[in-house]
Amino acid sequence: MNKVVWSIMLLPLLIGLAAGPAESEEKCKPTDPDALGPFYKPNAPRRDRVGQGYVLSGVVKSAETCRPVAGAQLEFWLAGPDGNYDDAHRATVIADENGAYRFESNFPPRYSARPPHIHMRVTAPGFQPLVVQHYPKEGTAQGDFEVVLRRKR
């Protein structure tokens, strides 16, 4: 083949290498979303405790870089010990400079056919909002839940 044909064939490869990795490449697996549920209510008060007996902590990270997302906002809501959702069991926590968060509550009760769970809505500038649910294991007093966000496209 002549030089012109080779140049035309290699041009897309060279442009791709110069541009760096594709935007769709992610170093960390993003957290799978879950149902929002019927009890979400925005503007939960800023606090890191709505009860006692169960501590949920973890780190919020970027899927693209696997690095912590400082200042991510985590909204929590769960049923109280009586099995009902109310304002006393809602909170907003801001992740620290290392993307770490800590939230304390009662151990969520079962209700209907649902297993114990804590709802979370996680947002951060430049990232897609994420709604997830943490399902603690019965008989435990703490859980570790890493949240991995995707960048907005």
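Values in this text are rule-based calculations from the coordinates and carry no lab data. The structure displayed is predicted, hence computed values, not measured ones. Using ideal geometry, Cβ is built from the backbone for each residue, glycine included, and neighbour counts are taken over all protein chains shown.
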* To do: Go through segment 93-102 residue by residue and turn each phi into a ³J(HN,Hα) via Karplus (6.51, -1.76, 1.60, θ = phi - 60°); whole Hz please, and just put x for glycine and proline.
  => 10, 9, 5, 6, 5, 9, x, 7, 9, 8
* Asked: Each label point is 7 Å from the Cα along the Cα-to-Cβ direction; what then is the distance between the points at Leu36 and Thr123, in nm?
  -> 1.1 nm
* Take the alpha-carbon centre of segment 76-153, take the same for segment 36-69, and report the distance between them in whole Å. => 5 Å
* Can you pull the semi-axes for segment 24-149, root of five times each eigenvalue of the Cα gyration tensor, sorted largest first, whole Å? -> 24, 14, 14
* Structure fact -> Any trypsin sites (Lys or Arg not before Pro) in segment 91-151 that lie in a DSSP loop and have at most 13 other Cβ atoms within 10 Å would be Arg110, Lys137
* Asked: When the dipole is taken about the Cα centre of segment 24-149, and only Lys, Arg (+1) and Asp, Glu (-1) are charged at their Cβ, what size is it in debye, to the nearest 20?
  -> 140 debye
* For segment 39-91, which trypsin sites (Lys or Arg not before Pro) are both in a DSSP coil and crowded by at most 16 other Cβ atoms within 10 Å? -> Arg47
